[in-house]
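Right, one structure below, let's go through it.
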Amino acid sequence: MTKPFASSADTALKTDTLEILGDGVYALTAEGDPNVGAIEGEDFLVAIESRATPAASRDWLKILREQTDKPVRYLILTHYHAVRVLG
């Protein structure tokens, strides 16, 4: 039997949890799925990582909008994995 690629066999629904790490510093964790974050600047946000799909990234932005209405000006992708950059 072939081993599943990466986390393709892990299809269970994950619970997203917003963590406020400090003033204007946010992390979204999802039970072991790739985490994303954002840091507020004076008048913009820097997002760290994307999520696995455009829909998941939109969900992250909705959660972030509950904390701030500043626009995302920059996106930092720390490295390439599909679950971090496709959203």
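The values are calculated or read from the model by the stated rules, or taken from the named source; none is laboratory data. The structure displayed is predicted, hence computed values, not measured ones. All Cβ positions, even for glycine, are placed from backbone atoms using ideal geometry, and neighbour counts span all protein chains on display. Just the protein is used for accessible areas: all its heavy atoms, side chains included, with ligands, DNA and RNA removed. Shrake-Rupley method; radii C 1.70, N 1.55, O 1.52, S 1.80 Å.
When the alpha carbon coordinates of the stretch 17-84 are projected onto the principal axes, the ranges are 31, 22, 20 Å, largest first. Here the label points at K3 and V25, each 7 Å from Cα along the C-beta direction, are separated by 3.6 nm in the simple model. Hey, can you grab everything whose amide H is under 5 Å from the amide H of R51? Only 5+ residues off in sequence or another chain; H modelled, so Pro and N-termini drop out. Amide H to amide H, under 5 Å and 5 or more residues apart or across chains, R51 pairs with S57, G87. In straight-distance terms, cross-link reach from K14 covers every one of the lysines whose alpha-carbon lies under 24 Å from its own, apart from those fewer than eight places away in the same chain; here that gives K3, K62. Using θ = phi - 60° in the Karplus curve 6.51 cos²θ - 1.76 cosθ + 1.60, the 3J(HN,Hα) couplings for the stretch 16-22 round to 7, 10, 7, 10, 9, 7, x Hz; x is entered for Gly and Pro. Scanning residues 5 or more positions from L45 or on other chains, those with amide H under 5 Å from its amide H are V72, R73, Y74, with H placed 1.01 Å from N in the peptide plane. Accessible surface calculations at 1.4 Å, restricted to protein heavy atoms, place the stretch 17-84 at 61 Å² per residue.
Quick one: if the Förster radius is 41 Å, what FRET efficiency do I39 and T11 give, using the C-beta to C-beta distance and rounding to 0.05?
Efficiency computed from Cβ-Cβ geometry: 0.85.
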